[in-house]
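Reviewing the structure listed below.
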Amino acid sequence: MQRFVYSLFLLTLFLVTGIATVAVAQEGGALASLSVGSSADYYHNLMAVITGNWQEYGQMFTFLQSEWFWKVFLVIITVVPAVFFVHYMIIGAKHFDHDGPQIYFFSLFARIVHFIAAISFSLLVITGLLVIFGSFFGGGTFIRLARYTHLVSAIVFVLPCVLMFFMWLREMLPQLHDISWMFIVGGYLSKKKTPVPAAKFNAGQKMYFWFAIFGGGVMAFTGYVIWGMGADIETVRLFAIIHNVLGMGIVAFYLTHVYMSVFAIAGSLESMRTGYKPKEEVDILHSLYKYEL
Amino acid sequence: MARVKFLCDVERCIDCSGCVVACKEGHHVPVGVNRRRVITLDQGKPGEKSISVSCMHCADAPCIAVCPVDAIYQRDDGIVLVNKKTCIGCGYCFMACPFGAPQFPKGNVFGARGAMDKCTFCAGGPEEDFSAEEKRLYGQNRIAEGKVPLCAGMCATKALLAGDADVVADVYRHRVFQRGSGVNAWGWSKAYKE
């Protein structure tokens, strides 16, 4: 009898503790699920899911695009030409004797490649600026067309870009005399015709070359991703920032190149058409270039 | 002037996606473009909640700030609208928007994005009210008809509220006083006590 009561007591004890354990476990589970349900936590998670990491690049892109990009571009396309205008007024163009002996400077192949690059690159810069100042032109079909042209020009530009890279790689490698060229800014700050240290290409042309090749590569890649939204939104935002910032440098270099070839050195544009440069010009501006008459 | 507002009551939204379908069908939105979508968190777990998201018609809208052609504008009542004839489809608004609201149909030229499409709060666009052009480009103009947006109008649980911000806030506050929110709103007993 005593044994029976003892067994019954143990059985009851087991049952009670068992049920209590299960109940506590369930209660705990229910409470655990409730504790994540606080409104503040929920909205915190929700905003992270909906907006992603907007604060990182989204906010930065919004701020830069709305406040800075167009202003900086406006400064570049007004101040750079203004500086050149002052230069043209004070120092003026360099004139060389075009009737004297001529030196064959650019092969036909180089001229064709450069011509394709010039057209497509100019279109890239112009259409890019049209999109940036789209509101000035009222948007619509005209700016949409500029956007399409931007893409087509970019695709066209890739080919001469690659060809120019291999064609001029050797002559475009930096050399020691480029440093002294930079110290005298290529002799463009004086009217005197003293020979400046430069071989086939001067330091300015070299900077433009490397900027256009590598910058162009980055521009092409970021532009391609932006065009097709071919990455997650964070990356696209970052690429849009890079594309615009790099574009500022490229526009500045482009304006410089145009000023040099069209205005600063009279008749220099002709050499890209005929391939010949006056001997006097080569002796002064590319004094280290070895040629045969 | 009253300012409009969307509010999705997450305690009521049941992820039926009726708002998404109503919007797409009512405005003949092209395939691949969603002016509204439903997001569900903790799906299948206790505490699962859903919310319907579209353009928030922000007070200081980032899309308006970044648009390079000023195609996006805000009405006095806070509704943010896009002029599809000005839009060039550059996608900047999509990059600036925290909510992923701007949508782009596939264009015809080189896979270019077409003009941006987004929630209009059922207020059409810059075209003349009820004109065929407005309907073709932007869908119905229910605001001009004096109706609430389609999504809020058809919401079965009335989770999605749209309209005058003060009235919407009052309705929601009344609900929260009655049933609580977050932890306190959880469970069957809360819903059927009264």
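The values are calculated or read from the model by the stated rules, or taken from the named source; none is laboratory data. Please read all numbers here as calculations on a predicted model, not as lab measurements. When we count neighbours, we look across all protein chains shown, and the Cβ atoms used for this are built from the backbone with ideal geometry, even at glycine. Surface areas here come from the heavy atoms of the whole protein model, side chains and all, with no ligands, DNA or RNA. Shrake-Rupley method; radii C 1.70, N 1.55, O 1.52, S 1.80 Å.
For every residue, the table says whether it meets (1) more than 17 Å from the chain's Cα centre (by Cα); (2) free of Cβ contacts under 8 Å to residues at least 60 places away in the same chain.
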| residue | (1), (2) |
| --- | --- |
| A:147 | no, yes |
| A:154 | no, no |
| A:161 | no, yes |
| A:168 | yes, yes |
| A:179 | yes, yes |
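For (1) in contact with a strand residue (DSSP E or B) (Cβ under 7 Å, 6 or more places away or on another chain); (2) over 19 Å from residue A:122 (Cβ atoms); (3) of a type in the set (A, V, I, L, M), each residue gets a yes or a no:
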residue: A:245; (1), (2), (3): no, yes, yes
residue: A:251; (1), (2), (3): no, no, yes
residue: A:254; (1), (2), (3): no, no, no
residue: A:286; (1), (2), (3): no, yes, no
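Kindly state which helices (runs of 4 or more DSSP H) lie completely within segment A:177-257 and contain at least 3 residues that are of a type outside the set (Phe, Trp, Tyr), in contact with a Pro (Cβ under 7 Å, 6 or more places away or on another chain) and open to solvent by 50 Å² or more (accessible area, probe 1.4 Å). Because the criterion is at least 3 residues that are of a type outside the set (Phe, Trp, Tyr), in contact with a Pro (Cβ under 7 Å, 6 or more places away or on another chain) and open to solvent by 50 Å² or more (accessible area, probe 1.4 Å), no helices (runs of 4 or more DSSP H) in segment A:177-257 meet it.
Any residue at all in segment B:46-64 that is assigned to a helix (DSSP H, G or I), closer than 25 Å to residue A:70 by Cα, within 10 Å of chain A (Cβ to nearest Cβ) and not β-branched (Val, Ile, Thr)?
Yes, because at least one residue in segment B:46-64 is assigned to a helix (DSSP H, G or I), closer than 25 Å to residue A:70 by Cα, within 10 Å of chain A (Cβ to nearest Cβ) and not β-branched (Val, Ile, Thr).
Restricting attention to segment A:136-176 and to residues that are part of a loop (DSSP other than H, G, I, E, B) and farther than 22 Å from residue A:227 by Cα, the residue that is farthest from the other protein chains (Cβ to nearest Cβ) turns out to be A:176. Checking each residue in segment A:163-176 for being farther than 14 Å from residue A:199 by Cβ and surrounded by 12 or more Cβ atoms within 10 Å (Cβ to Cβ) picks out A:163, A:164, A:165, A:167.
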